[in-house]
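The values are calculated or read from the model by the stated rules, or taken from the named source; none is laboratory data. This structure is a prediction, so every number in the text was calculated from the model and none was measured. Reconstructed Cβ throughout: ideal geometry from the backbone, glycine too, with neighbour counts over all protein chains shown. Remember, those area values only see protein heavy atoms, side chains included, never the ligands or the DNA or RNA. Shrake-Rupley method; radii C 1.70, N 1.55, O 1.52, S 1.80 Å.
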Amino acid sequence: MLILGIETSCDETAAALVRDGRDICSSVVASQIASHRLYGGVVPEVASRLHIESVAGVAREALAQAGAAFADIDAVAVTYAPGLIGALLAGLSFAKGLSYALQKPLVAVHHLKGHICSLYITNKELAPPFVALVASGGHSHFVRVDSYTEYTLLGRALDDAAGEAFDKVARVLGLPYPGGPEISRLAKSGDPKRYTLPDPHTERAFDVSFSGLKTAVVNLVNQAEMKGEKIDAASLAASFERRAVEILATRLVAAAKQENLPAALCGGVANNSALQQRTQELCEKAGIELFLPVPELTGDNAAMIASAGYYELLAGRVAPLNQNAYATRSIEG
Ligand code: KG4
Ligand code: ZN
């Protein structure tokens with residue numbers, strides 16, 4: 001079954017063709033980062049307008065790269081939540097029009113379920129159940145993947161998401177958006193033990209909090225400025241990354257241990273090599289198998305949406321043409 005996936009929930013306009021949920025025929029991602037970088041973060045109105053301008057061309061490009069025609073598509077899968085509402089509506093409206101014109105089913109995909117399904121594309125042997133950390137710019141969820149379409153939330157970021165914390169810390173260190181990869185690069189030349197940063201307490205075992213950690217970094221930078229001292233930016237980036245990675249990796253491995261299931265990393269932050277290494281180390285110690293996505297599928301893309309759409313369609317979940325978009329929506333729905 002050939003599914004066209006469409007993704008426009010944040011700052012990437014993406015389209016992809018995926019066969020039977022696991023094999024990528026094409027995957028096109030048009031990044032808006034250059035436009036948002038001017039403002040130090042994503043400007044929702046700018047994002048919506050850019051999606052409207054490029055979504056049709058990106059979809060056509062995905063078909064061209066796969067050597068396919070619109071008539072070859074069996075269904076159109078599109079992200080409907082969570083995300084920036086205007087951005088989501090741009091992709092959803094396009095997908096609805098296409099579904100109606102082609103008389104092919106429309107499938108509404110939850111963005112975070114998409115990130116989890118990116119793992120099926122890279123790991124052909126992976127099948128539920130397993131425990132996944134979905135760490136992106138807007139969410140940090142510890143999820144038990146019960147089946148291809150059913151998910152249980154075990155814990156989550158209570159304030160800032162992991163990616164958001166990386167982006168904000170990068171900003172105070174004067175690094176461009178998106179900050180995650182920049183922090184990671186800078187951290188490589190720093191001493192991760194130079195600065196002691198807090199490990200915030202949470203009531204529930206698998207919840208995490210990044211706001212206190214982020215504020216501690218901001219305070220160190222401000223205090224150094226007031227005293228006229230120069231901050232060791234590389235070591236601060238390394239100390240922050242080490243602490244953030246420890247928070248995420250220990251929770252994921254503890255959750256996998258509790259559930260007695262394999263573990264998996266996905267979402268933009270899963271591209272972080274320190275996170276991958278530390279999680280691998282802890283998993284090996286605990287005798288837990290770890291699944292990782294390829295770097296191209298960690299960030300937002302439409303192949304993951306087409307994959308999730310395939311499994312939703314197999315479960316009989318076809319969306320109506322009056323399907324709405326939602327800025328927030330639980331992964332358990
Ligand atoms: O999943 P994603 O592409 O978009 C959302 O759904 O939000 O995640 C984007 C986030 C950004 O906050 C970015 O800074 C972060 O992922 N990120 C990283 C790395 N690469 C991307 N964070 C830490 N280390 C990285 N190497
Ligand atoms: Zn995402």
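Annotation: of all residues in the range 76-86 being small (Gly, Ala, Ser) and within 28 Å of Ala264 (Cα to Cα), the one that is surrounded by the most Cβ atoms within 10 Å (Cβ to Cβ) is Ala77. Between Lys124, Lys168, the distinction of being part of a loop (DSSP other than H, G, I, E, B) and of a type in the set (Lys, Arg) belongs to Lys124 only.
The residue that is farthest from ligand 2 (Cβ to nearest atom), counting only those in the range 161-182 that are surrounded by fewer than 23 Cβ atoms within 10 Å (Cβ to Cβ) and more than 17 Å from Ile33 (Cβ to Cβ), is Gly174. Of all residues in the range 59-68, those that are in contact with a Ser or Thr (Cβ under 6 Å, 6 or more places away or on another chain) and either of a type outside the set (A, V, I, L, M) or open to solvent by 10 Å² or more (accessible area, probe 1.4 Å) (or both) total 2. Somewhere in the range 170-191, is a residue on the phi > 0 side of the Ramachandran plot, more than 14 Å from ligand 1 (Cβ to nearest atom) and within 25 Å of the chain's Cα centre (by Cα)? Checked against the condition, which is being on the phi > 0 side of the Ramachandran plot, more than 14 Å from ligand 1 (Cβ to nearest atom) and within 25 Å of the chain's Cα centre (by Cα), the range 170-191 yields at least one hit. Among the residues of the range 8-31, at least one is in contact with a Cys (Cβ under 7 Å, 6 or more places away or on another chain), in contact (Cβ under 8 Å) with a residue 40 or more places away in the chain and more than 16 Å from ligand 1 (Cβ to nearest atom).
Among residues of the range 153-180 that are farther than 29 Å from Ala205 by Cα, those with a beta-carbon under 6 Å from a residue that is near ligand 1 (Cβ under 10 Å from one of its atoms) and not in a helix (DSSP H, G or I) at least six positions away or on a different chain give the pairs Tyr177/Gly41. Looking across the range 146-160, the residues that are part of a strand (DSSP E or B) and surrounded by fewer than 24 Cβ atoms within 10 Å (Cβ to Cβ) come down to Tyr151, Thr152, Leu153, Leu154, Gly155, Arg156.
Within the range 267-280, identify whether any single residue is farther than 27 Å from Tyr177 by Cα and either open to solvent by 40 Å² or more (accessible area, probe 1.4 Å) or away from ligand 2 (no atom under 16 Å from the Cβ) (or both), and answer yes or no. Yes, there is a match, as at least one residue in the range 267-280 is farther than 27 Å from Tyr177 by Cα and either open to solvent by 40 Å² or more (accessible area, probe 1.4 Å) or away from ligand 2 (no atom under 16 Å from the Cβ) (or both). Each residue in the range 275-322 was checked for being more than 19 Å from Cys10 (Cβ to Cβ) and either modelled with pLDDT of 95 or more or in contact with a Cys (Cβ under 6 Å, 6 or more places away or on another chain) (or both), and 31 of them qualify. When we screen Lys113, Lys104 for residues that are basic (Lys, Arg), at pLDDT 95 or above and open to solvent by less than 30 Å² (accessible area, probe 1.4 Å), the only hit is Lys113. Taken together, the residues in the range 281-310 that are aromatic (Phe, Trp, Tyr), open to solvent by less than 20 Å² (accessible area, probe 1.4 Å) and part of a helix (DSSP H, G or I) amount to 0. Take the conditions (1) among the β-branched types (Val, Ile, Thr); (2) farther than 29 Å from Glu125 by Cα; (3) modelled with pLDDT of 95 or more; Ile33 misses just one of them, which is (3). The residue that is most open to solvent (accessible area, probe 1.4 Å), among those in the range 183-219 that are small (Gly, Ala, Ser) and in a loop (DSSP other than H, G, I, E, B), is Ser189.
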